[in-house]
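Q: Please see the structure below; I have some questions.
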Amino acid sequence: IRQMAKDIIGADDFIEVYINTPLEICEERDVKGLYKKARKGEIKGFTGIDAPYEAPINPDIEVKTHNRTIDESVDVIYNYLLEVIKQK
């Protein structure tokens, strides 16, 4: 699906951002309780629980969020995008 998106958008305009967060952290941050519901079997096909998650092989940028605040993670992406724009 990622490649399909890249083909549709065009390689020059496509930026793949990998928000790399361990499953345990996703579950800790889950304010809606979706992971708990998925673990109980109440939600089927939930990525990371009963449906596989395939991390990107070669993302343009990877942001590891387990040791960053939301604002810090946003800053990493924002600064990356600024550099991309400057180079165009």
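Only the coordinates and a few stated rules stand behind these numbers; no lab work does. All figures in this text were calculated on a predicted structure; none of them were measured in a lab. FYI the Cβ positions are ideal-geometry reconstructions off the backbone, even for glycines, and counts take in every protein chain you see.
Q: If you take the residues of the stretch 28-43 that are of a type in the set (A, V, I, L, M, F, W, C) and under 22 Å from His66 (Cα atoms), which of them is surrounded by the most Cβ atoms within 10 Å (Cβ to Cβ)?
A: If we filter the stretch 28-43 for residues that are of a type in the set (A, V, I, L, M, F, W, C), which is where we start, we get 31, 34, 38, 43.
Checking which are under 22 Å from His66 (Cα atoms) leaves us with 31, 34, 38.
Details: Val31: 5, Leu34: 15, Ala38: 20.
The qualifying residue surrounded by the most Cβ atoms within 10 Å (Cβ to Cβ) is Ala38.
Q: From Asn79, Asn67, Asn20, grab the single residue that is of a type outside the set (Asp, Glu) and touching a residue at least 40 places away in the same chain (Cβ under 8 Å). Write out each step before concluding.
A: Values: Asn79 fails: touching a residue at least 40 places away in the same chain (Cβ under 8 Å); Asn67 fails: touching a residue at least 40 places away in the same chain (Cβ under 8 Å).
Matching residue, one of Asn79, Asn67, Asn20: Asn20.
Q: When the stretch 61-70 is examined, which residues are found to be of a type in the set (A, V, I, L, M) and surrounded by 11 or more Cβ atoms within 10 Å (Cβ to Cβ)?
A: Of all residues in the stretch 61-70, those of a type in the set (A, V, I, L, M) come to 61, 63, 70.
Answer for the stretch 61-70, where residues must be of a type in the set (A, V, I, L, M) and surrounded by 11 or more Cβ atoms within 10 Å (Cβ to Cβ): Ile61, Val63.
Q: Find the residue count for the stretch 33-88, including only residues that are touching a Lys or Arg at 6+ places or on another chain (Cβ under 7 Å) and within 17 Å of Arg2 (Cα to Cα). Write out each step before concluding.
A: Filtering the stretch 33-88 for residues touching a Lys or Arg at 6+ places or on another chain (Cβ under 7 Å) gives 43, 49-50, 56.
Adding the requirement that they be within 17 Å of Arg2 (Cα to Cα) leaves 56.
Residues meeting the conditions: 1.
Q: Another question, if that's okay. Here is a list of conditions, (1) surrounded by fewer than 11 Cβ atoms within 10 Å (Cβ to Cβ); (2) touching a strand residue (DSSP E or B) at 6+ places or on another chain (Cβ under 8 Å); (3) assigned to a helix (DSSP H, G or I), and Ser73 meets all of them except one; can you say which number that is?
A: Looking at each condition in turn, Ser73 falls short on (1).
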